[in-house]
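The values are calculated or read from the model by the stated rules, or taken from the named source; none is laboratory data. Predicted, not measured: the structure shown is a model, and the values here were computed from it. When we count neighbours, we look across all protein chains shown, and the Cβ atoms used for this are built from the backbone with ideal geometry, even at glycine. All accessible areas refer to the heavy atoms of the entire protein, side chains included, with ligands and DNA or RNA removed. Shrake-Rupley method; radii C 1.70, N 1.55, O 1.52, S 1.80 Å.
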Amino acid sequence: MGTAKLPALLWLLAGVVLALAVNPAHGAKTRHYDFFITETNYTRLCHEKSILTVNGQFPGPTIYARKGDLVIVNVHNNGNKNITIHWHGVDQPRNPWSDGPEFITQCPIRPGGNFTYQVILSEEEGTLWWHAHSDFDRATVHGAIVIHPKRGTTFPFKKPDKEIPVILGEWWNDDIEHVLDKAQLLGGDVDPSNANTINAQPGDMFPCSRDDTFKVAVQQGNTYLLRIINAGLTNDMFFAIAGHRLTVVGIDARYTKPLTVDYIMIAPGQTMDVLLEAKRTLGSNSRYYMAARTFITLPLDTIPFNNSTATAIVEYTDSATARPVGPPKFPIQLPAIKDENAAMAFITQLRSLGNQEHPVHVPTHVDEHMLINIDINVLPCDPTNMAEKCKEGPQGNRFAASLNNVSFQSPAIDVLDAYYYSSGHGVYEEDFPNKPTAFVDPLVNNGSGPLMTKRGTKVKVLEYGTVVEVVFHDLSSENHPMHLHGFAFYVVGRGNGTFDESRDPATYNLVDPPFQNTVSVPRSGWAAIRFRADNPGVWFMHCHFDRHVVWGMDTVFIVKDGKTPQAQMLPRPPNMPQC
């Protein structure tokens, strides 16, 4: 299977065809950016270290575009390690070549090399983001993508007076590459970050941080669009602003029915468009904390985690009476770190906008049903490898993770090239199971601790146009933000406990479910998504907790070409990086 290999003499022609194929629609523009990956010194928590950045910025530069534009980003790797960039939430119609995940759709960009990404915007409108998709590099290599409505159209809400990107993240005092190397060597969990951050700043509750706390200047009566991104590697986050309510109007670059709340819960990978009305509610006070706190469902007494609260400050600057007086007010409505009811109460209220300009098209007929168990497992240590110590792993093993009891193993060459050249044999297997499979090692699975799993590079192959329903069933003790590349999907249902295929589908919302690219699957519960496989190519699906990606909580969808030229994958660009 795959696409026939192009003769070498057609490489130049293929490049011309690609450029023509992705020419933006009438009225849209082609926008150009240069990203230079460099090592840059930054100081947080009284600690200076060298981090990977784009153009020396942390967070990186914001990409601005309009719906339907083509964005050309030339990435120059002036850093000291291999890297790739992913355009999170961009469907990239027919163009997996620029999607970015390492060894899935491309080989990494080597130090001293460069690669030009063609970022094809189609139906997305709102806030997305870009980030590194290699190792743990996205801890510092990330930035916002702001997609405005097409010219001649506008927001489905009152135009805000100002737009403000708000990127939630994490900071490690240690080199993030060392953090990953240690976890892989010892087989245990990843050391938690030292602070949560808002726009790369921990806030004034942390040492050496007060002067650099992120501040937002507002004026009474104005409306501000907060473009909120959870770029963290390990944490779901609660977010609130003292003395103010927030109105959610979009998630993952798709509009929602306006939802006014005291707080939001946002999972890693997700983006939310939120309106802030600048209306003082606490007398004459002019300073209010914007706060982001970890939301976690893991056992607090057994798993180390970051339980910190990052802060920024909203300051009223509209009059002399609004001068800062005293400390900012803290949001009393920010839920506690383990408040699962608060998290579910928020996410279950999200609904697609569903008006004439932004209709809802939930597939009502499903061609392929998939039930995917999500779990944390173990793999045996290699007793012949003295470098692999597994001192911190459970029961002398190493942590792993799985989907349907398969722990994904990245190949040595990327899956997309193997598929395109019909050379998938020996690179991947086309038998990812539609339902959970059992794998029990009686020497290891003795009823205590996580179960053993098996490794494999298993993919799911879909015919073009297939309507797929995936029910994620979480067997572990924490939420999992599951992200699908190449598609947005409708979150048609979710619930606690074991999914009941005879009862639970009756509870689905097929009228106005939210349209997302990342779904938070509740601890020991389930979430159901639907999408139409009408984007040919190779598309990664994985948990957006990065340690789980490394552990194997991943798989790949291969969507075959349709019958018409517009339903077929674009040709391979001639400048793809080599493995």
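Under the combined filter of DSSP loop state and at most 12 neighbouring Cβ atoms within 10 Å, segment 139-182 retains these trypsin sites (Lys or Arg not before Pro): Arg151, Lys158.
For Thr271, the residues whose modelled amide H falls within less than 5 Å of its own, excluding neighbours fewer than 5 places apart on the same chain, are Asp252. For Lys329, the residues 5 or more places off, or on other chains, whose built amide H falls under 5 Å of its own are Arg287, Tyr288, Tyr289.
Considering only His47, Phe499, Val75, the residue lying farthest towards the positive end of the dipole of the chain is Val75, judged by Cα position with unit charges set on Cβ. Radius of gyration over Kirkwood radius for segment 490-548, both on Cα atoms: the Rg/Rh ratio is 0.99. Here is the list for segment 450-520: GluC sites (Glu not before Pro) lying in DSSP coil, each with at most 15 other C-beta atoms within 10 angstrom of its C-beta, are Glu463, Glu501.
In whole percents, the pair-distance distribution calculated for the chain from its alpha-carbon pairs, binned every 20 Å from zero, is 21, 57, 21, 1. Karplus-based coupling profile of segment 244-254, in residue order and whole Hz: 9, 9, 10, 10, 6, 10, x, 9, 6, 6, 9, with θ = phi - 60° in 6.51 cos²θ - 1.76 cosθ + 1.60 and x standing for Gly or Pro. Subtracting the Cα-Cα distance of Lys563 and Glu277 from their residue separation scaled by 0.36 nm leaves 98.0 nm. Multiplying the residue separation of Gln184 and Gln578 by 0.36 nm and removing their Cα-Cα distance gives an extension gain of 139.3 nm.
Report the relative contact order of the chain, percent, no decimals, based on alpha-carbon pairs under 8 angstrom and at least 6 residues apart.
Computed over the chain, the figure is 16 percent.
Here segment 134-248 yields Rg over Rh of 1.05, to two decimals, using C-alpha coordinates and the Kirkwood radius.
Here is how the number arises for the chain: DSSP H runs of 4 or more residues each give -39500 (n - 2.57), the sum is divided by the residue count, and the result at 222 nm is -2000 deg cm²/dmol. Taking the charge dipole of the chain about its Cα centre, with +1 at Lys and Arg Cβ atoms and -1 at Asp and Glu Cβ atoms, the residue from Leu225, Asn434, Ala291 reaching farthest to the positive side is Leu225. Based on alpha carbons, the Rg and Dmax found for segment 368-567 are 17.6, 57 Å. Given segment 368-567, what percent of its DSSP beta bridges are antiparallel, to the nearest 5? The answer is about 70 percent antiparallel. Whole-Hz Karplus values for segment 34-46 come out as 10, 10, 10, 6, 9, 7, 9, 7, 9, 10, 9, 6, 6 Hz, taken residue by residue from phi with 6.51 cos²θ - 1.76 cosθ + 1.60 and θ = phi - 60°; glycine and proline positions read x. Applying 1/(1 + (r/R0)^6) with r as the Cβ-Cβ distance of Ala345 and Lys49 and R0 = 25 angstrom yields a FRET efficiency of 0.05. Each principal axis of the Cα cloud of segment 455-579 was evaluated for its coordinate range; sorted largest first, these ranges are 48, 34, 23 Å. Model label sites at Glu368 and Lys81, defined 7 Å from Cα along the beta-carbon direction, differ in position by 3.4 nm.
Debye calculation, C-alpha points only, no solvent: report log10 I(q)/I(0) for segment 162-348 at q = 0.16, 0.19 Å⁻¹, in the same order as the q values. The computed values of log10 I(q)/I(0) come out as -1.00, -1.33.
The heavy atoms of Phe487 present about 10 square angstrom of accessible area, all protein chains included, probe 1.4 Å.
Here, segment 39-138 has an Rg and a Dmax of 14.3, 47 Å when only alpha carbons are counted. Distance between the 7 Å Cα→Cβ label points at Ile303 and Tyr421: 4.0 nm.
Within the accessible area of segment 368-567, what % is carbon and sulfur when the probe is 1.4 Å and the other protein chains stay in place? Carbon with sulfur: 52 percent of the solvent-accessible area. I want the local charge near Arg351. Using Cβ-Cβ distances under 10 Å, sum +1 for each Lys or Arg and -1 for each Asp or Glu among the other residues. Neighbourhood net charge equals 0.
Were the residues from Phe157 through Ile72 laid out at 0.36 nm apart, the gain over their Cα-Cα distance would be 27.6 nm. Computed from backbone phi with θ = phi - 60° and the Karplus coefficients 6.51, -1.76 and 1.60, the 3J(HN,Hα) list for segment 215-230 is 10, 10, 8, 10, 10, 3, x, 8, 10, 10, 9, 8, 9, 9, 10, 9 Hz; x is used for glycine and proline.
Size check on segment 227-300: the Cα extents along the three principal axes, sorted descending, read 40, 33, 16 Å.
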